[in-house]
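Right, one structure below, let's go through it.
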Amino acid sequence: MTHPPYLSPGYKSTVLRAPAQELVMPKLGPDSVELASPVFGHQELGRLDEDLTVQHPGEPLGERIVVTGRVLDGQGRPVRGTLVEVWQANAAGRYAHLGDIHPAPLDPNFTGAGRCLTDDDGRYRFVTIKPGAYPWRNHHNAWRPAHIHFSVFGTAFTQRLITQMYFPGDPLFAYDPIFQSIPDERAREKLICRFDMDTTEPEWALGYQWDIVLGDTPMEA
Amino acid sequence: MTTASHDGAPGPTPSQTVGPFFGYALPYETGPRVVPGWRPDAIDVRGRVLDGAGEPVPDALLEIWQADESGRIPRRPGGIVRDGHDFSGFGRCGTDADGAFWFTTVKPGAVGDGAPCIAVLVFARGLLKPVFTRLYFPEDETAHAADPLLGAVPAERRATLIAAREGERRYRFDIRLQGDRETVFLGF
């Protein structure tokens with residue numbers, strides 16, 4: 001099983017929010033709305049949405065990085081023109097969110113939110129800064145490994161995916177109940193991007209590659 | 001060149017929680033307003049997301065996806081920038097401090113042999129993967145009896161999928177993640 005279970009008591013917020021009843025597994029007719037997906041167009045996105053380092057008058061602090069990869073279906077085919085949204089903490093590990101009261105500095109030059117559509121090869125690409133790790137109150141001395149949140153649509157509403165991309169070699173993996181909620185180690189590793197020298201831009205930014213594979217739609221399964 | 005997963009393990013990319021801090025990134029002002037309120041066939045859908053203790057979930061994100069008023073599934077963009085005419089079928093709304101959400105949309109027409117319904121997806125802190133459900137309309141009782149998906153739901157739980165009518169063109173649809181009257185969630 002790739003996905004985490006709903007109930008994962010190490011992550012305390014699941015205890016009162018995980019559904020307790022069995023899911024109903026419907027047989028969807030071919031014209032069911034869930035087998036189609038909303039579509040989005042370039043005209044709906046802003047010019048600066050793909051580069052999180054140029055959305056303010058000054059440059060954000062932190063390590064500039066390029067994150068790119070492909071969105072693929074279960075057969076390895078590119079998912080073209082699909083909306084990819086990202087959000088993340090700044091280099092100090094703080095989100096530009098009123099609810100984040102962790103005493104690390106906000107960066108006036110970094111919001112940490114981006115959007116793009118995949119190209120004909122299923123590829124997305126963002127320029128950003130490497131997010132910092134940050135503490136949370138799940139348990140004593142709890143820290144989240146550095147991560148970028150990703151939201152992807154796909155070609156069927158059933159494929160809708162929100163997940164988190166992590167960075168290689170993070171010492172916090174073993175202690176993080178959200179990362180560890182995925183039972184299978186090989187599945188967990190799918191969330192870790194790969195440093196890539198070919199993506200790295202000389203004198204400019206380190207590059208990381210991370211592909212996203214969507215689930216089969218019920219018709220394919 | 002790049003393989004789907006770096007270690008060659010098969011299967012999709014695992015889900016992770018949306019977390020508590022998506023509020024400045026994913027919701028957008030026009031998200032809940034799938035159609036303009038001036039449309040004579042606009043409907044208002046409101047509800048709350050509640051946890052297993054009956055407490056509001058103030059950090060949930062809802063998405064809806066639906067056919068248009070004639071039962072056609074939209075194939076055009078416009079879910080982010082609304083032009084007031086083309087129907088995108090997509091809406092997004094974050095819950096407020098009371099766990100409340102709202103959408104202004106149209107009632108979808110029936111698609112195939114199903115009763116009119118809106119697909120509803122909920123993400124939240126504490127949900128490691130989203131929950132899928134469907135909103136059906138209370139006035140369509142006859143169509144519900146023939147709806148294949150409702151037919152797969154145990155009779156005593158079916159009511160959790162049917163919105164309550166709260167007035168002319170107004171509906172209420174509460175989502176209970178757990179506990180008494182837990183909403184029926186769908187696995188695909």
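Assorted remarks:
- The stretch A:192-207, residues that are touching a residue at least 40 places away in the same chain (Cβ under 8 Å) and out of contact with any Gly (no Cβ under 8 Å at 6 or more places or on another chain): A:W204, A:A205, A:L206, A:G207
- Which numbered condition A:V66 fails, given (1) assigned to a loop (DSSP other than H, G, I, E, B); (2) surrounded by fewer than 20 Cβ atoms within 10 Å (Cβ to Cβ): (1)
- From A:T199, A:T128, A:T217, residue being among the hydroxyl-bearing types (S, T, Y), more than 9 Å from every other protein chain (Cβ to nearest Cβ) and part of a loop (DSSP other than H, G, I, E, B): A:T199
- Meets criteria (loosely packed, with under 15 Cβ neighbours inside 10 Å and under 30 Å from B:V120 (Cβ atoms)) for A:R160: no
- Hey, B:F123 surrounded by 17 or more Cβ atoms within 10 Å (Cβ to Cβ) and within 10 Å of chain A (Cβ to nearest Cβ) or not: yes
Quick grid of which residues meet (1) assigned to a loop (DSSP other than H, G, I, E, B); (2) more than 11 Å from chain A (Cβ to nearest Cβ); (3) in contact with a Gly (Cβ under 7 Å, 6 or more places away or on another chain):
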position: B:Y24; (1), (2), (3): yes, no, no
position: B:A67; (1), (2), (3): yes, no, yes
position: B:R76; (1), (2), (3): yes, no, no
position: B:V81; (1), (2), (3): yes, no, no
position: B:G91; (1), (2), (3): no, no, yes
position: B:A115; (1), (2), (3): yes, yes, no
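- Condition check for A:I148: facing chain B (nearest Cβ under 9 Å) and either within 28 Å of B:L121 (Cα to Cα) or assigned to a loop (DSSP other than H, G, I, E, B) (or both): no
- Hits in the stretch B:93-112 (condition: within 7 Å of chain A (Cβ to nearest Cβ) and either surrounded by fewer than 20 Cβ atoms within 10 Å (Cβ to Cβ) or not β-branched (V, I, T) (or both)): B:G112
- Qualifying residue in the stretch B:166-180 (condition: touching a Ser or Thr at 6+ places or on another chain (Cβ under 8 Å), part of a loop (DSSP other than H, G, I, E, B) and closer than 25 Å to A:K27 by Cβ): yes
- Residue match in the stretch A:156-169 (condition: assigned to a loop (DSSP other than H, G, I, E, B) and in contact with a Gly (Cβ under 7 Å, 6 or more places away or on another chain)): yes
- Annotation: of all residues in the stretch A:29-40 being at the interface with another protein chain (Cβ under 7 Å from one of its Cβ atoms) and in contact (Cβ under 8 Å) with a residue 24 or more places away in the chain, the one that is nearest to B:P116 (Cα to Cα) is A:V33.
- Hey, A:P26 in contact with a Leu (Cβ under 6 Å, 6 or more places away or on another chain), modelled with pLDDT under 95 and at the interface with chain B (Cβ under 7 Å from one of its Cβ atoms) or not: yes
- Of all residues in the stretch A:42-74, those satisfying the criterion of being in contact (Cβ under 8 Å) with a residue 60 or more places away in the chain and within 11 Å of chain B (Cβ to nearest Cβ) are A:H42, A:L45, A:G46, A:D49, A:L52, A:T68, A:G69, A:R70, A:V71, A:L72, A:D73, A:G74.
- Within the stretch A:96-114, if we keep just the residues that are closer than 16 Å to A:H56 by Cα and in contact (Cβ under 8 Å) with a residue 24 or more places away in the chain, the residue that is surrounded by the fewest Cβ atoms within 10 Å (Cβ to Cβ) turns out to be A:P108.
The values are calculated or read from the model by the stated rules, or taken from the named source; none is laboratory data. Note that the coordinates shown come from a computational prediction; the quantities given were computed from them, not determined experimentally. When we count neighbours, we look across all protein chains shown, and the Cβ atoms used for this are built from the backbone with ideal geometry, even at glycine.
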